[in-house]
Amino acid sequence: MTTLNPASPAQPSTAAKSEATIGPSLAEKGNLYTIAQRQFEKGAKAMNLDPSIALILAQPKNELIVNFPVRMDDGSLRLFKGYRVQHNNILGPFKGGLRYHEEANLDEMKALAVWMTWKSALHDIPYGGAKGGIKFNPRSVTKGELERITRRFTHSLGSNIGPEWDIPAPDVGTGPQQMVWIMDTYMNVVGNQDRNAVRRVVTGKSISSGGSYGRETATGRGVVHCITEWAREKRFNLDGCTFTVQGFGNVGSHTARILSKMGATLVGVGDYRGYIANPAGLNAHKLADHVAQTGSVADYKYGKAIPREEFFGLECDIFIPAALELEVNTPEAKALKCKLVVEGANGPTYPDAEEILEERGIDLIPDILANSGGVVVSYYEWLQNKRSERWDLEEVESRLEHTMKRTYGIVRDYAAERHISLRTASYAIALERIQRVYLERGIFP
Ligand code: NAD
């Protein structure tokens, strides 16, 4: 029998090893939920949202915090804080990623959950919005600890997640392995006969464990479909253009690799450990191998180390923030020397910074449109699991391309007709769909 180790009392928070990251901390960045609300209010005004529906949408339906103990490799117990925020499910089950990050907090989760509601509605996918995660640094634990943390978190969430209720997916600090552990834990607590029927409790799984072809690259591919549509409209040649990327994880690295294949040149990149530049170009594929080996773009020998401030002032055609939220504030917006900002990350731009970009004639493709390829293919994965099907890569990618380009076109036309930004248009379209359903169904009782 295992006993609690008196020398290692449970701690109030994860107390993860702190790690120096470049740039402002989340605490210094301000409240993400307030910023999400400002964007929502603009979108609501643009489509005359009914005040009673605005009231319902102003707060998530459910905000769950769980504190759960995990046995660490040294035998001690550590207490972890986990979140799951379920914003809205009028259009379908709650859906959204799980983030493992040392600064995860409730208001951040609320903002991220709200954005998921708009993203699904914007594409007319039958999902609502949710987000969750655990407050700890996944780089500070061993693989065995990571597995136990993930499984225990899943157990603590219990029936608050489910294949027709709330379906998590990867986000910052999580990937296919964590999704497979969640699936396996969930499968093991339902009855034997239901096991395979609940495989779709998470998306973003590995292909071998029921994931979809094309899911891992889907968000980056969706970002590139938006860029392609923008370029077509502007008669801008992507072959030979230059771009920079902040964050070289799932979204940033796949976006960079796909854009490179189209003839665009990556001239600057940065992550939590540092920034590098090379005006002659960085090979995105080799850089991804370097990150797989070392965990960071810093120290990549074909790039020159530069400070964060210099990165934002690099000459390029397209800038893709694909790291964390609120990285583009007014100094960064003034420094940028690009034609287009494409939000691979969720919420990377402060509203004041967005105004500066607009004044400076820099186009912006907003997060809820640009990075929605992930939830689109998550939906395909969920459908495949539900129907016991396996779609080949070509089918997944052609469906994704069709969906992204169709939605981009709808947003562009809506924005042009009303002389509003692509962000406000995306919100307005999503809110119109949600409002229609509320008006038809009414409020119970
Ligand atoms: P990830 O964990 O795979 O990669 C995150 C990247 O950001 C890493 O390169 C990391 O080093 C970097 N980073 C972290 N802190 C940083 C800092 N302070 N400064 C600079 N770089 C920093 O995460 P991801 O899945 O690629 O997600 C990135 C963004 O895209 C997040 O905003 C996420 O919510 C959003 N997003 C992800 C998906 C998805 O399918 N994974 C879908 C939609 C949106």
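The values are calculated or read from the model by the stated rules, or taken from the named source; none is laboratory data. Being a predicted model, the structure only gives us computed values, none of them experimental. Note that we place each Cβ from the backbone using ideal geometry, even for glycine, and neighbour counts take in every protein chain shown. Side chains included, ligands, DNA and RNA excluded: accessible areas come from the protein's heavy atoms. Shrake-Rupley method; radii C 1.70, N 1.55, O 1.52, S 1.80 Å.
At-a-glance table
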| read-out | value |
| --- | --- |
| Ranked packing of 308-320, 420-432, 231-243, most packed first, by mean Cβ within 10 Å | 420-432, 308-320, 231-243 |
| Electrostatic dipole magnitude of the chain [Cβ: Lys, Arg +1; Asp, Glu -1; Cα centre; debye, to 20] | 780 debye |
| Ordering of 70-80, 249-259 by burial proxy (mean other Cβ atoms within 10 Å per residue, highest first) | 249-259, 70-80 |
| Bins of 5 Å from zero: percent of alpha-carbon pairs in segment 347-411 | 4, 14, 20, 17, 14, 11, 8, 6, 4, 2, 0 |
| Gain in span if fully extended, Asn160 to Arg139, counting 0.36 nm per residue against the direct Cα distance | 4.9 nm |
| Surface/4 of the Cα convex hull for segment 188-293, nm² | 9.2 nm² |
| His419, His285, His290, His123, reordered so the largest accessible area comes first (probe 1.4 Å) | His419, His285, His290, His123 |
| Per-bin percent of Cα-Cα distances, segment 290-409 [5 Å] | 2, 10, 15, 17, 14, 14, 13, 9, 4, 2, 0 |
| Extension gain (nm, one decimal) between Glu28 and Glu401, 0.36 nm per residue minus Cα-Cα | 130.5 nm |
| Average accessible area per residue (Å²) across the chain - probe 1.4 Å, nucleic acids and ligands excluded | 41 Å² |
| Within the chain, helix-based [θ] at 222 nm, where runs of 4 or more DSSP H residues each add -39,500 (n - 2.57), nearest 500 | -14000 deg cm²/dmol |
| Segment Arg441-Ser52, extension gain: residue separation times 0.36 nm, minus the distance between their alpha carbons | 138.7 nm |
| For segment 218-370: relative contact order, % (alpha-carbon pairs under 8 angstrom, 6 or more apart) | 21 percent |
| Phi-based couplings in Hz for segment 360-368 (Karplus 6.51, -1.76, 1.60; Gly and Pro marked x) | 7, x, 8, 6, 9, 9, x, 3, 5 |
| Taking the chain and dividing mean pair separation by its residue count, relative contact order in percent (alpha carbons under 8 Å, at least six apart) | 17 percent |
| Listed pairs Lys261/Lys386; Lys286/Lys334; Lys135/Lys405; Lys42/Lys81; Lys95/Lys405 exceeding 24 Å between Cα atoms | Lys261/Lys386; Lys286/Lys334; Lys135/Lys405; Lys42/Lys81 |
| ³J(HN,Hα) computed for each position of segment 140-155 - Karplus, 6.51 cos²θ - 1.76 cosθ + 1.60, integer Hz, glycine/proline x | 8, 10, 7, 4, x, 5, 4, 5, 5, 4, 5, 5, 5, 4, 4, 5 |
| Accessible surface of the chain [probe 1.4 Å, protein heavy atoms]: carbon and sulfur percent | 51 percent |
| Segment 55-179: translational diffusion in µm²/s, Stokes-Einstein, Kirkwood Rh over Cα pairs, 20 °C, 1.002 mPa s | 147 µm²/s |
| Unit charges at the beta carbon, dipole of the chain: most positive-side option, Trp115, Ser25, Gln86 | Gln86 |
| Largest-first principal axis extents, alpha carbons of segment 218-370, Å | 39, 30, 26 |
| Computed accessible area, Ile125, all protein chains, 1.4 angstrom probe, square angstrom | 10 Å² |
| Distance in nm between pseudo-label sites at Asp124 and Lys301 (7 Å out along the Cβ direction from Cα) | 5.3 nm |
| q = 0.06, 0.12 Å⁻¹: log10 I(q)/I(0) that the Debye formula gives for the chain, counting C-alpha atoms only | -0.24, -1.01 |
